[in-house]
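Right, one structure below, let's go through it.
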Amino acid sequence: MRPHQFNILKDIDKPLLIIYVILVFIGLANIYAAEIEDTHTTIFDFSQSYGKQIIFIAASFLMASIILSVDVKWFSTFGYAIYWFFIPVLISVLIFGTEIKATKAWFQIGSFAIQPSEFAKFALALAIAKYISSVKTKNIRFKNRLKPLILIAIPALLVLMQNDVGTTLVFGAFVFALYREGYLSGIVLAFIAMAMILFILTLLVNELFIIAGLAGTTILILFMIQKKKAAALQLIGLCIALSAYVYSVDYVFENVLQHHHKERITVLIDDEIDMRGPGYNLNQSKIAIGSGGFWGKGYLEGTQTKLDFVPEQNTDFIFCTIGEEWGFFGSTALILLFLIFLTRLILLAEKQRSSFSRIYGYCVASILFFHFAINIGMTIGLVPIIGIPLPFISYGGSSLLGFTILLFIFLKLDTKKLERF
Amino acid sequence: MIAIFVAIGVIFIVKLFSLQVLDPSYKLSASQNILRHITDYPARGLIYDRNGELLVHNEPFYDLMVIPGQVGEIDTTAFCNLLEITRESFERRMSEAKQHSYYQGSIFLSQIAKDSYAYIQEQLYKFPGFYVQPRTLRNYVYSTAAHTFGYVGEASQRVIDNNPYYRPGDYVGISGIEKYYEEQLRGEKGVKIKVVDALGRETGPYQEGRFDTIANAGKDLYTTLDIDLQLYGEKLMQNKIGSIVAIEPSSGEILSMVSSPSYDPNLLVGRVRGLNFRQLHTDTLNPIFNRALMAEYPPGSVFKVISTLIGLHEEVVYPGTTLSCPGYYHSRGITVRCREHPNPVNVKESIKYSCNTYAVNLFRDVIDQYRFENIQESYTNWRNHVQSFGVGRAFNNDLPYEQRGLIASPNYYDGIYGSNGWSSLTIMSLGIGQGEMGITPMQLANIASTIGNRGYYKTPHIVRAIDDPENENNNFEEKHNTTIDEEHYDLIIEAMFEVVDEGTGRFSRIEGIEMAGKTGTVQNPHGENHSVFIAFAPKDDPEIAISVVIENSGYGATWAAPVASLMIEKYLNRQVDRRWFEQRILDANFINPEKHPDAE
């Protein structure tokens, strides 16, 4: 074991490690910026969020080194066990958990609250990787396709019951990984994307226009594939189905969605919405980011976030602080940093000889990407406000620890990328 | 998958570019979000009398302001109890404030007195979005000269629309010198920019106060008023309707301007202003109406001094021209009555005894001069002479809302009688100051002043100096000469002296003061005659010229002349020795006629 441990720093992927550390400290610096008031001078004030974040970072580093020192086989061996460990935990949080902001997702232990759903992500990633890598046949059957979906659905439903829609949607991010492994066809993915686009479009434009557009597109394609009768019939059927879907959107929107979900969608598409009510968060977020200008107001000079205009300024809306204080320059740099990080993850995943490592790598990339896209997208008004943290940056022990575990398991697997196991 | 990452990254960067670099609106929103502009209201300028006596100053009070966008969840019931307002009132004030602005302060409750302020301020931290703004209100040391000062009130929407300086809740002078000298009195507002957080708590000055501006206090006004004379005049006018205007002839400075009945200027200050204003407005005696500037009366016999000066200037009479008065003037079926007096009379005696016959003859001779081709031309010539005394035209001085008075134009008579349908006979009542003639008390005083100056006047005005007693107001230095040759004045002044010394006004003679005056009794179709008197003293180098009008009281010699006499004695001697004479005036009551001293 001695030589193994000795080599770990040499074998680990340096770019990912470095970016991880940078992101964590960017997070700490901005949590400090969002919270700092004249009365608190030192960052080592453990009663404040930035002080607590230091503790979380220390815990994360400790956890990271533990993971790196564990044998790689351990993760594939205990993949299911870890998954099945977290399912009863998610159930018990529904019973014994503490409700914070209408979400029953927390175990309160002293002054700290632990959110098990943050850890369920890496557990699910391990289980998915374990299952798919265990399917040795090239001919994937329906049963094989269904099983990973069930693996996803169990924790997703439990988290939904906690009333945590954001994290539930994160579990949806696994479809990217499934798609990569051929467990989900591109057509299904395209259908999901199309359904989402049509949903928003229907709320924006009169549905007659959309149906006219659909019919027009169908006729155009029909002309291009004149000969193939079967395909033409399928296409017409699809067009009718989509039209029906478009008509059902209004019904779903008005009757199925909860009030605050509706509002979060409405604020995106309706300029006239009351900026003091449902539109407040988004409006304040955009004001904070927009007021940053090109170069930003400078570190600790932000006024919108520091003076509490932006809600959840150190967790879900941490990007506002960055946008305000570091401007377009800083926010773009952060986005590029994330893109490099995610791209590097994908590239490394591709290089894995072990299918378990590869699939796990895709899961990690999918989850981090989903968080990144949704979190930043919501602060700048591109996607509805879904309360999920920005990985490594947002304040919170559970999320930081969860993401660290998620990432470092992959980094550990990656040190043995040439091995099959 | 990498393609999706890059696509999303590009979309984010483009959106950020438009938010942060291209769209300036968020930067504006941000500064409104965090900055609270607290207006620093300067104290309004003080007002002094001509001897440096303080007349008007300011008293502090507090406005409770609200920024609706910063009002969080508050205990409305506790808040209403604190302010002693109803729930409905709270809702109404809140919605008014919201209508004004979400991000700027609006007045929530105005004019909180000092003692309630301390208590409210203590509790205010519980109610984010509310803060207190110190202001000042006018306070009048003496309950006097209400019409001169005018009053101050909140700027109306029209004022705000027309002048970017004013914002809702600002005060602006609405009448009197508060209006005319608004720009000097108000000073310049300053602004203190405070940084506030989302809960509306002030966290300190913005950028160490670099963008704060300091309020400039309003400039003080040094008026021409003599407060002792003003107070005395108002006292004499108690229970009478009418006015007194006293002017220093050499400068045109108004020594006092009394309009009676008047009101306490402190009534039109602060929260009670609206209520009191309505009450004053519905008062049948109309105390708000400034009779000194706005009431037009036919001048009656006092006009004979102008009319006679025109006769002398036009050489239709000479000092020695005599006429025997039969007690009336009669021509073509029209009779003008005259009173019993010694006969025959020359020019001087016609003034002294106020002979109507002589005045009408003289007037007709002026109008019927051969050198004019028609009545229009000759009447215009006469009218120009009259107007050169400042009659029938506005002074455009520093007292707003004056009336111009009326000297009918030839077109007016053409319109009634046709251009060939009128003659000196038609309009002969003008010769005795009746008919189509309206002159304000201010103009009457100016006539006295003009004669005292022997042919010129300086526009009557109320402010002597601004900001500093030495910084004199030079806007009213110009001499306005009459069209009458100066040589004719001495005779008229002598006549006016005799009016007081031994003529119709002898009753009002002051021992040791050479006073020149002219009585007038204005026929009033609606009741008792108006008593009118103009005078100046000392006759050779006058220090005070005065007009007195007392409505529905009787002869000019009986009421107006004694009041003028007392005012002149008060001003020149600084005290009044004729106690019984004074008491008679103080006792006179023409508002409740049962107390009329002459009513038996």
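The values are calculated or read from the model by the stated rules, or taken from the named source; none is laboratory data. Not measured: the values here are computed from a predicted model. Cβ atoms come from the backbone with ideal geometry, glycine included; neighbour counts cover every protein chain shown.
Let's see how each residue does on (1) surrounded by fewer than 24 Cβ atoms within 10 Å (Cβ to Cβ); (2) among the acidic types (Asp, Glu):
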site: B:Ala215; (1), (2): yes, no
site: B:Lys219; (1), (2): yes, no
site: B:Glu234; (1), (2): yes, yes
site: B:Gln238; (1), (2): yes, no
site: B:Ile247; (1), (2): no, no
site: B:Asn276; (1), (2): yes, no
site: B:Pro287; (1), (2): yes, no
site: B:Glu296; (1), (2): yes, yes
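Scanning the stretch A:1-41 for residues that are more than 32 Å from the chain's Cα centre (by Cα) and not in a helix (DSSP H, G or I), which turns out modelled with the highest pLDDT? The qualifying residue modelled with the highest pLDDT is A:Thr41. Evaluated against (1) within 29 Å of A:Leu345 (Cβ to Cβ); (2) over 20 Å from the mean Cα position of the chain (by Cα); (3) aliphatic (A, V, I, L, M), A:Val165 falls short on exactly one condition, (2). Residues of the stretch B:549-573 that are among the polar types (S, T, N, Q) and touching a Phe, Trp or Tyr at 6+ places or on another chain (Cβ under 7 Å): B:Asn552, B:Ser553.
Against the criterion of being of a type in the set (Val, Ile, Thr) and in contact (Cβ under 8 Å) with a residue 40 or more places away in the chain, B:Val159 does not qualify.
This table checks each residue for (1) at pLDDT below 70; (2) farther than 23 Å from A:Ala190 by Cα; (3) part of a loop (DSSP other than H, G, I, E, B); (4) β-branched (Val, Ile, Thr).
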{"residue": "A:Ala212", "(1), (2), (3), (4)": "no, no, no, no"}
{"residue": "A:Leu220", "(1), (2), (3), (4)": "no, no, no, no"}
{"residue": "A:Lys227", "(1), (2), (3), (4)": "yes, yes, yes, no"}
{"residue": "A:Ile236", "(1), (2), (3), (4)": "no, no, no, yes"}
{"residue": "A:His260", "(1), (2), (3), (4)": "yes, yes, no, no"}
{"residue": "A:Gly277", "(1), (2), (3), (4)": "yes, yes, yes, no"}
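The single residue among A:Phe319, A:Phe370 that is crowded, with 24+ Cβ neighbours inside 10 Å and either over 28 Å from A:Lys286 (Cβ atoms) or touching a residue at least 40 places away in the same chain (Cβ under 8 Å) (or both) turns out to be A:Phe319. Looking across B:Ile513, B:Ile492, B:Ile462, one residue alone is within 30 Å of B:Thr223 (Cα to Cα), among the aliphatic types (A, V, I, L, M) and surrounded by 19 or more Cβ atoms within 10 Å (Cβ to Cβ). It is B:Ile462. Where strands (runs of 3 or more DSSP E) sit wholly within the stretch B:234-350, those with at least 1 residues that are aliphatic (A, V, I, L, M), under 30 Å from B:Asn474 (Cα atoms) and in contact with a Ser or Thr (Cβ under 7 Å, 6 or more places away or on another chain) occupy B:242-248, B:253-260. Reported count of residues in the stretch B:121-149, each being more than 16 Å from B:Phe61 (Cα to Cα), among the aromatic types (Phe, Trp, Tyr) and under 35 Å from the mean Cα position of the chain (by Cα), is 2. Selection over the stretch B:115-142 of residues that are of a type in the set (D, E, K, R) and touching an Asp or Glu at 6+ places or on another chain (Cβ under 8 Å) gives a count of 3.
Checked against the criterion of being at the interface with another protein chain (Cβ under 9 Å from one of its Cβ atoms), at negative phi and not in a loop (DSSP other than H, G, I, E, B), the candidates B:Leu16, B:Leu55, B:Leu64 yield just one match: B:Leu16.
Check whether at least one residue in the stretch B:395-410 is in contact with a strand residue (DSSP E or B) (Cβ under 7 Å, 6 or more places away or on another chain), outside any loop (DSSP other than H, G, I, E, B) and in contact (Cβ under 8 Å) with a residue 12 or more places away in the chain, and report yes or no. Checked against the condition, which is being in contact with a strand residue (DSSP E or B) (Cβ under 7 Å, 6 or more places away or on another chain), outside any loop (DSSP other than H, G, I, E, B) and in contact (Cβ under 8 Å) with a residue 12 or more places away in the chain, the stretch B:395-410 yields at least one hit.
With respect to the conditions (1) surrounded by fewer than 19 Cβ atoms within 10 Å (Cβ to Cβ); (2) at pLDDT below 85; (3) under 26 Å from A:Gln352 (Cα atoms), A:Phe176 lacks only one, and its number is (1). Within the stretch B:64-78, can you find the residues that are surrounded by fewer than 18 Cβ atoms within 10 Å (Cβ to Cβ) and hydrophobic (A, V, I, L, M, F, W, C)? If the condition is that a residue be surrounded by fewer than 18 Cβ atoms within 10 Å (Cβ to Cβ) and hydrophobic (A, V, I, L, M, F, W, C), then B:Ile74, B:Ala78 are the ones that fit.
If you go through the stretch B:339-381 and keep only what is crowded, with 16+ Cβ neighbours inside 10 Å and in contact with a Cys (Cβ under 7 Å, 6 or more places away or on another chain), you end up with B:His341, B:Val345, B:Cys355, B:Asn356, B:Thr357, B:Tyr358. Annotation: B:Gly421 fulfils all but one of (1) part of a loop (DSSP other than H, G, I, E, B); (2) surrounded by 13 or more Cβ atoms within 10 Å (Cβ to Cβ); (3) out of contact with any helix residue (DSSP H, G or I) (no Cβ under 7 Å at 6 or more places or on another chain); the unmet one is (2). Does the stretch A:352-361 include one or more residues that are out of contact with any helix residue (DSSP H, G or I) (no Cβ under 6 Å at 6 or more places or on another chain), of a type in the set (D, E, K, R) and either away from chain B (no Cβ under 13 Å) or under 22 Å from A:Ile57 (Cβ atoms) (or both)? Yes: the stretch A:352-361 contains one or more residues that are out of contact with any helix residue (DSSP H, G or I) (no Cβ under 6 Å at 6 or more places or on another chain), of a type in the set (D, E, K, R) and either away from chain B (no Cβ under 13 Å) or under 22 Å from A:Ile57 (Cβ atoms) (or both).
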